[in-house]
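Note sheet for the following structure.
All of the numbers you see were taken from the coordinates with simple rules; none came from a lab. All values derive from a computational prediction rather than experimental measurement. Cβ coordinates were reconstructed from backbone atoms using ideal geometry, including for glycine residues, and neighbour counts include every protein chain displayed.
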């Protein structure tokens with residue numbers, strides 16, 4: 001493995017660790033907006049990890065998967081926010 005591949009895999013591992021920290025906020029978030037933001041952070045980190053892994057292994061087709069996942073993450077954030085506002089969960 002080359003140095004660049006090792007750096008990309010290390011960066012992907014760092015984003016996975018960040019996602020694990022955000023999982024705590026999803027489970028133990030004091031308010032619903034905290035949980036929504038944490039879910040969005042985890043989704044964004046997953047997109048970044050997929051893109052970094054695609055670059056590390058040289059598979060450009062995985063970038064399409066990352067793009068679709070990013071769009072789904074955005075729609076999920078909008079849906080959760082709309083549901084929260086309609087239920088009166090916004091402070």
Exercise. Could you please give the count of residues in the range 1-40 that are part of a helix (DSSP H, G or I), within 18 Å of residue 84 (Cα to Cα) and without any contact (Cβ under 8 Å) to a residue 24 or more places away in the chain?
Key: 8
Self-check item: Residues that are within 14 Å of the chain's Cα centre (by Cα) and surrounded by 15 or more Cβ atoms within 10 Å (Cβ to Cβ), drawn from the range 19-36
Solution: 19, 22, 25, 26, 35, 36
Quiz item: If residue 67 satisfies every condition in (1) within 13 Å of the chain's Cα centre (by Cα); (2) closer than 27 Å to residue 1 by Cα; (3) crowded, with 16+ Cβ neighbours inside 10 Å but one, which is the exception?
Solution: (3)
